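The values are calculated or read from the model by the stated rules, or taken from the named source; none is laboratory data. Bear in mind the structure is a predicted one, so any value in this text is a computation, not a measurement. FYI the Cβ positions are ideal-geometry reconstructions off the backbone, even for glycines, and counts take in every protein chain you see. Ligands, DNA and RNA are excluded from the accessible area calculation, which covers all protein heavy atoms including side chains. Shrake-Rupley method; radii C 1.70, N 1.55, O 1.52, S 1.80 Å.
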Amino acid sequence: FFLLGHKMVKVKPSDLRVKSKTELLQQLDDFKKELAQLRVNKVTGAPASKLSKIRVVRKSIARVLSIMHETQRKELKAFWKKKKLIPIDLRAKKTRAIRRRLTKHEENAKTLRTLKKLAHFPRRKYAVKA
């Protein structure tokens, strides 16, 4: 059983990445119809060659969905890039400790008293005679 010119060879992610969203949705729909047909064949007692195709089709569906989510996420990241706040699921994961750490600006911030002390009492320079 072949659908609309699709020969059931393993779908390559590189081929899927160049397709548009509508093409991906169409391909996903085709794979789902094919899977439904294969499951009907399984119940009616189809040859083993048909049954082994179920796994291939399931994995193909997973690949299409993965690429769709990947491209959607990439577009969202580009949209939120220059914004002040970014949705939590798009932020860098890192570790909990790193996320809670002070920013570079906060680390280098000095109180007014410290600034005055630094201005009035600069670091002493010593020349060591050899």
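Computed values, structure above
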quantity	calculated
From the options Val57, Val11, residue that is part of a loop (DSSP other than H, G, I, E, B), hydrophobic (A, V, I, L, M, F, W, C), closer than 23 Å to Thr71 by Cβ and at pLDDT 85 or above	Val11
Check on Leu115, within 31 Å of the chain's Cα centre (by Cα), modelled with pLDDT of 95 or more and either hydrophobic (A, V, I, L, M, F, W, C) or open to solvent by less than 100 Å² (accessible area, probe 1.4 Å) (or both)	no
Selection count, region 75-108, where residues are surrounded by 11 or more Cβ atoms within 10 Å (Cβ to Cβ), basic (Lys, Arg) and within 28 Å of Asp15 (Cβ to Cβ)	1
Test: residue in region 77-88 that is of a type in the set (Lys, Arg), modelled with pLDDT of 95 or more, over 30 Å from Glu23 (Cβ atoms) and out of contact with any Phe, Trp or Tyr (no Cβ under 8 Å at 6 or more places or on another chain)	no
Search result, residues across region 33-69 that are closer than 25 Å to Pro87 by Cβ and surrounded by 13 or more Cβ atoms within 10 Å (Cβ to Cβ)	Val64, Leu65, Ile67, Met68
Every residue from region 14-32 that is assigned to a helix (DSSP H, G or I) and either over 20 Å from Arg55 (Cα atoms) or open to solvent by 50 Å² or more (accessible area, probe 1.4 Å) (or both)	Ser14, Asp15, Arg17, Lys21, Thr22, Glu23, Leu25, Gln26, Asp29, Lys32
Among (1) modelled with pLDDT under 80; (2) outside any helix (DSSP H, G or I) - the single one Ser49 does not satisfy	(2)
Inter-residue pairs, beta-carbon under 8 Å, first within 24 Å of Lys74 (Cβ to Cβ) and in region 85-108, second polar (S, T, N, Q), 6+ apart	none
